[in-house]
1. Once you list every other residue whose beta carbon is under 12 Å from the beta carbon of Thr156, what net charge do they have if Lys and Arg are +1 and Asp and Glu are -1?
2. Report the extension gain between Arg26 and Gln189 in nm, rounded to one decimal, defined as 0.36 nm multiplied by the number of residues separating them, less their alpha carbon distance.
3. Given Leu175, Leu140, Met130, which one lies farthest toward the positive end of the charge dipole of the stretch 94-178, if we put +1 on the Cβ of every Lys and Arg and -1 on the Cβ of every Asp and Glu?
4. Over the stretch 122-173, what is the mean sequence separation of C-alpha contacts under 8 Å (at least six apart), divided by residue count, expressed as relative contact order in percent?
5. Please state the shape class of the stretch 397-441: rounded when a/c is under 1.5, otherwise prolate if a/b exceeds b/c and oblate if not, all from the C-alpha gyration tensor.
6. As a test of reading the structure, rank Asp94, Asp339, Asp126 by solvent-accessible area (1.4 Å probe, protein chains only), most first.
7. Leaving ligands, DNA and RNA out of it, work out the accessible area of Met346 with a 1.4 Å probe and give it in Å² to the nearest 10.
8. Charges at C-beta only: +1 for Lys and Arg, -1 for Asp and Glu. How large is the resulting dipole of the stretch 138-287 about its Cα centre, in Debye rounded to 20?
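The values are calculated or read from the model by the stated rules, or taken from the named source; none is laboratory data. Small disclaimer: the values here were computed from a predicted structure and weren't measured. Cβ placement follows ideal geometry from the backbone for every residue including glycine, while neighbour counts extend to all protein chains displayed. Please note that ligands, DNA and RNA were not included when accessible areas were found on the heavy atoms of the full protein model with its side chains. Shrake-Rupley method; radii C 1.70, N 1.55, O 1.52, S 1.80 Å.
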Amino acid sequence: MGHEVLARKWRPHQLNDVVGQEHAVRILTHALESGRLHHAWLFTGTRGVGKTSIARIFAKALSCEKGIGPAPCDQCEICLACDGGYHIDLLEIDAASRTKVEDTRDLLETLQYAPARGRYKICLIDEVHMLSGHSFNALLKILEEPPAHVKFLLATTDPEKLPVTVRSRCLQLDLHPVPANKIAARLAQICTAEEIAATPPALLDIAAAGRGSLRDALSLLEQAIAFAGGNPLTAEMVQSLTGTGGPTLLPELLSAVISGDGENMLAAIETLRTEGADFDMLASGLLSLLHAISVQQIIPRKDASSSVCSLAERLTPEETQLFYQIALTGRRDLPFAPDPAIGFEMILLRMMAFVPASPWVPQKPKEEKREERKEPVPITAATRLPTEHDWNQVLPVLGLTGMTQALASHCHPVSLQGDPIQLLLAAKHASLLNKNLSERLEKALSAWRGQPVRLKITLTEDIPNTPAAQKSAKEQGRLQTAQGVISQDQGIKRLIDTFSATLDPDSIRAGETD
Ligand SMILES: Nc1ncnc2c1ncn2[C@@H]1O[C@H](COP(=O)(O)OP(=O)(O)OP(=O)(O)O)[C@@H](O)[C@H]1O
Ligand SMILES: [Mg+2]
Ligand SMILES: [Zn+2]
């Protein structure tokens, strides 16, 4: 038995076995050939790009019994010990699991002694940014006056977190995300060696899902092999594993949203859920799709895919913006949803709720497609008069800012359903009412309704319960509480008595009491 995971099994053992990272390999090769060996090296880069692997190869190359050089023999006792992780002069510290001062300090102290077998004492510290402050001090001390027989190999995903004092004493090599085509080629090499059949598109999909991390791509390959159960790996398999569901899945879902086809949409999500899809990745894919649609609407391109073109015709630019906003918020809130599938479903349902219920105003060829919609989902029943509650719900999704936001929040709804949308504005806020602002509000409301609507704002005596009034009433309440608390405070009372002072109520701000 003894199944070894692919990522471990296929860790490169020689510099020329490393995928990508050509510039780092070149610098290391040159250093090993010329013998000009800096005493401290820092390998940086995102996860799974080869930091630990390259540092270990370098340590082996410095230690091989056959001599220092870019291609260690892999046969002498020391090379074997390095690969096996038991070379006595190679000290590996994983700072992520060892941050205690004593721990690291003791280890670093052993560096003072001459190497037992090899040429150098080599200290490889992984995730070095995780060392505690005290450990950094201990490290810095040795880095400042390193014994000639000591070499440091430091690796981190987060070089910004290293003290400059440490960083400035190292020769830094930045490793890059590995390009997908190079990952795919490595996967193909591994599949051949492991006698696993896989189509090139399947391997490309796995490589892309690794997003630059060879380790992630290898663990995905491992999952795909388990999933395939002895069958050749295909792109469809990989897609259902990663939840990307192929290039048509998201456009189809979005199309279902636009035509109000809730049944199909929910069924598709259910399938994805049972397949164990990655909903965060799906939400991110949805954002990319909406971005592509928006680009297509604003700067049409000939090379856009047919699904993007057709969606770009079925949505207004404002709807696309709104959907993007909904997807963005939804994706951010995904971790708070009871489960990711529900969170994702809510994103689509929310979009669906904003597709307008009223008959479509004859516009572009769009119209026919709109009529495919089966069961429109109305936001509020058209028969009911709008309330402040409705307006409070509509306001946040309009995406208003600045003065337009101020205008809208002082308004009170009379009719949100018909055309024109009618709002009341108290005469005392009449200064907010100008053409520019009301046009902006009209546009935002049209986007919300998904069709051009007119806006009519009527000035009136006074309105009690606008969102702005509610907000200011709340603040007023808190302010009074704050003033009450402060004027009752014994210390302040004493100050007032002693100095015949007075309390300036305007200096009290409500926000500071809670
Ligand atoms: N550049 C690469 N060339 C070949 N294999 C690689 C490369 N990068 C990563 N791998 C594969 O991924 C595994 C993990 O790589 P490694 O531990 O070197 O990454 P790392 O950058 O140290 O990641 P982490 O930041 O997560 O520690 C290796 O065992 C190897 O199989
Ligand atoms: Mg590592
Ligand atoms: Zn050797």
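1. Result for the neighbourhood of Thr156: -2.
2. Gain in length upon complete extension: 56.4 nm.
3. The one lying farthest along the dipole's positive direction is Leu140.
4. 54
5. oblate
6. Asp94, Asp339, Asp126
7. Solvent-accessible area, nearest 10 Å²: 90 Å².
8. 880
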